[in-house]
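K.L.:
Below you will find the structure I want to go over with you.
The values are calculated or read from the model by the stated rules, or taken from the named source; none is laboratory data. Source: prediction; values computed, not measured. No Cβ is skipped: glycine too gets one built from the backbone with ideal geometry, and neighbour counts run over all protein chains shown.
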Amino acid sequence: MNRIARGIGANVYAQASTVATQLLSVPLLLAAWGPERYGTWLMLLTVAAYLGLFEFGFTGVAMNRMIMGIAAGKTDMAMVSYQSAIALILCVGVVMSAAAVPVGIAVAAPVARWLGMDPGDVLPAALMIVVQVIAQMHVMLLCGVYQAEQRYAQSTIWTNTARLIEFTLVSAGAVWLKAGFAELLGLIALTRVGLVLGMYLHACQFAPWARLGLKHASLQDLRQMLLPAIAMLAFPFGNALNLQGIVLLAGTVFGPVVVAHFSAMRTLARIPYQLSQLVNLALAPEIGRLYGEGKTLALRSLYRRSTAGCIALAVLSSAALYVLGDWICRYWTHGKLLPEHPDYEWLLLAAVVNSLWYTGSLMFTSTNNHTRYSLVYLGANAAGLLVAWLAGRTFGSSAVALGVLATEVVLFLALLPRIRVFVRSGMAAPNPAP
């Protein structure tokens, strides 16, 4: 429980860092660039985020294998998965770099005009995006090393401190040094490479098995990770349907005014979810460790207590937001946007329903048993969009919030049989490959 408590504390720090950078970056960069260049910068960051998907879920699966391998006393298994993932990341880096050079040269002129850059800066900018993407993949893998050695809180502090440094450098470069996009992307790449070196040197002190090398990399290990890795990709796609897809549907069917009201209400109604995540993110490595150790009863106890805590947190925070919603919106939006009813209530109810199943989903995703669940997750988010579209004729714009609630209800009902198993007996111990 001490490790979980430290993890929750680290997650509070992470959440505070995220909120601080999001709140401060908008006025600072808008003042420095104006809306057009700021929007262009956001698109560049989005490109980097999407390129991060090109590790195809292998890093997350390798993290779980390392956690379970160390917990089961099979250091060799953890080492093989670690070095196999490094080999894959290096291959992805080579392919991305090889693609960036001709693309950066061939389309330099039109891209430069579009982004307001010097044509000579397009190729360096493209390469800096590749460096930061590959460095971020290594950071994720090193986080798996920390979590395997029961140091989740330390990895969270490392990564979020680096995020604050990155934000400070970019803000200073844009506001005071008037740096261009290529230079700012270089600062991000430099920060992430520094984070990789710092985390790696520190990890070597407590995890000698995590030293760099490819001697133990295994094509067979990558093949074993292939199916769960592909399944892992269903979660970002499902999240895209849930977060961005529903907004696009609302705007297409009902117009931008509905989008503005819905987005504001959903941001407020997701606070219970964010609070539960402070707990759930700290639970994930503990679930993998107990699963690797074969401690079924301990898993059951952890699941029961954590789920009860998350439900209580969601119910209490949703009730408070229901009572204070109008007052918060008056000050938050200067009275321009107020909660729509029953939309707001449905969104708050969705947050409560989420607390009923989300901890149970970690029992799959933290142990590489998520292949079937990933299909359920993707299907449920698609079903939520379908409900929002079909119900629009009957419920009007309220159908958008109803679609969000429908997604949560479908996921809860689909996982209910397994949730009952978790409550009674935890989860069966694994038989990890040697």
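K.L.:
Looking for something among the polar types (S, T, N, Q), within 30 Å of Ile67 (Cα to Cα) and assigned by TED's automatic domain parsing to the domain that holds Glu345 - is there at least one such residue anywhere in the stretch 229-243?
P.N.:
Yes, the conditions are met somewhere in the stretch 229-243.
K.L.:
Right, next: With respect to Asn368, determine if the residue is outside any helix (DSSP H, G or I) and under 19 Å from the mean Cα position of the chain (by Cα).
P.N.:
Taking the combined requirement at face value, the residue satisfies it.
K.L.:
So which helices (runs of 4 or more DSSP H) stay within the stretch 180-270 end to end and still have 2 or more residues that are surrounded by fewer than 16 Cβ atoms within 10 Å (Cβ to Cβ) and modelled with pLDDT of 85 or more?
P.N.:
181-206, 219-232
K.L.:
Could you check the stretch 248-269 and list, in sequence order, the residues that are among the β-branched types (Val, Ile, Thr) and more than 22 Å from Leu321 (Cα to Cα)?
P.N.:
Thr252, Val253, Val257
K.L.:
Give the stretch 338-383 a look and list any residue that's at pLDDT below 90 and small (Gly, Ala, Ser), or say none.
P.N.:
Gly360, Ser361, Ser366, Ser374
K.L.:
Taking the conditions exactly as written (over 22 Å from Val61 (Cα atoms) and touching a Lys or Arg at 6+ places or on another chain (Cβ under 9 Å)), does Val247 satisfy them or not?
P.N.:
For Val247, the condition - over 22 Å from Val61 (Cα atoms) and touching a Lys or Arg at 6+ places or on another chain (Cβ under 9 Å) - is met.
K.L.:
Specify which of the listed residues (Val92, Val47) is part of a helix (DSSP H, G or I) and either charged (D, E, K, R) or within 19 Å of the chain's Cα centre (by Cα) (or both). Let's see the steps before the verdict.
P.N.:
Working: Val92 fails: either charged (D, E, K, R) or within 19 Å of the chain's Cα centre (by Cα) (or both).
Matching residue, one of Val92, Val47: Val47.
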